[in-house]
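The values are calculated or read from the model by the stated rules, or taken from the named source; none is laboratory data. Keep in mind that what you see is a predicted model, and the values were worked out from it rather than measured. When we count neighbours, we look across all protein chains shown, and the Cβ atoms used for this are built from the backbone with ideal geometry, even at glycine. Surface areas here come from the heavy atoms of the whole protein model, side chains and all, with no ligands, DNA or RNA. Shrake-Rupley method; radii C 1.70, N 1.55, O 1.52, S 1.80 Å.
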Amino acid sequence: DNTIEGYACVFGKPSDPALGFTEYIDVGSITDEVVNNSDILATYEHDFKQLLARSKFGAGSLHLSIDDTGLFFRFEIPDTQLGHDIKAMIQRGDLQGCSFCFAVADGGDEWDKDEAGNMIRHVTKIAELFDVTITALPAYPDTNVSLRALEKAKEQFAMADLEVEEAYFEFV
């Protein structure tokens, strides 16, 4: 099973303030209607030339869903050099985060300042999604990406180690 999955967007969590403000994507800002009316690419580092999967108006090799956590994605790793490279970098832990590219709907954001005077942006309504991307430097540090098969393998190894350990203690 060569599946990559993760959260490209996590609701209610702060972005890295590197752009001069902190951004939050609010629950409800992304809807199924937005997903089904967008042509969304799964890319590496927001580069449309480094295509991994696609959801064109809700159909395709990229599967997207919205839950209480955020915008979840899943796709089978393509049998391409890029697919193999991405898989290897996720396995090594070099790639751990995600991002996404979107357009805010008219009136779909609110600006404020926190107690320290830092600018805060709340995105309340997204009009269109363009990509979900695997990246080394995510704007939202709470996003994640993983290999589903790798997690299953780790679980199996952990269970096997536990069984070996229990068998060892029973023997001694």
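Overview of values
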{"quantity": "Answer from Ala8, Ala53, Ala42 - the residue that is crowded, with 19+ Cβ neighbours inside 10 Å, part of a strand (DSSP E or B) and either in contact with a Cys (Cβ under 7 Å, 6 or more places away or on another chain) or modelled with pLDDT under 95 (or both)", "calculated": "Ala8"}
{"quantity": "The stretch 73-115 - residue that is in a loop (DSSP other than H, G, I, E, B), among the acidic types (Asp, Glu) and out of contact with any strand residue (DSSP E or B) (no Cβ under 7 Å at 6 or more places or on another chain) and, of those, farthest from Ala53 (Cα to Cα)", "calculated": "Glu115"}
{"quantity": "Pairs where the first residue, in the stretch 137-156, is within 11 Å of Gly6 (Cβ to Cβ) and of a type outside the set (Gly, Ala, Ser) and the second is modelled with pLDDT under 90 and assigned to a helix (DSSP H, G or I), C-beta under 8 Å, 6+ apart", "calculated": "none"}
{"quantity": "In the stretch 15-25, residue surrounded by the most Cβ atoms within 10 Å (Cβ to Cβ) [restricted to those that are part of a loop (DSSP other than H, G, I, E, B) and within 16 Å of the chain's Cα centre (by Cα)]", "calculated": "Ser15"}
{"quantity": "Pair list, Cβ < 7 Å and 6+ apart or interchain, from the stretch 71-94 residues that are over 24 Å from Phe130 (Cβ atoms) to residues that are open to solvent by less than 50 Å² (accessible area, probe 1.4 Å)", "calculated": "Gln91/Leu147; Gln91/Leu150"}
{"quantity": "Gly20 vs. criteria on the phi > 0 side of the Ramachandran plot and modelled with pLDDT under 95", "calculated": "yes"}
{"quantity": "Selection count where residues are of a type in the set (Phe, Trp, Tyr) and over 17 Å from the mean Cα position of the chain (by Cα), scope the stretch 76-131", "calculated": "1"}
{"quantity": "Test: residue in the stretch 122-133 that is at pLDDT below 95 and of a type in the set (D, E, K, R)", "calculated": "no"}
{"quantity": "Residue count, the stretch 56-72 (criterion: outside any strand (DSSP E or B) and either on the phi > 0 side of the Ramachandran plot or open to solvent by 80 Å² or more (accessible area, probe 1.4 Å) (or both))", "calculated": "3"}
{"quantity": "Members of the stretch 78-137 found to be surrounded by fewer than 15 Cβ atoms within 10 Å (Cβ to Cβ) and of a type in the set (Lys, Arg), listed by number", "calculated": "Arg92, Lys113"}
{"quantity": "Odd one out for Gly12 among (1) without any contact (Cβ under 8 Å) to a residue 60 or more places away in the chain; (2) out of contact with any Asp or Glu (no Cβ under 9 Å at 6 or more places or on another chain); (3) within 19 Å of Asp68 (Cβ to Cβ); (4) not hydroxyl-bearing (Ser, Thr, Tyr)", "calculated": "(2)"}
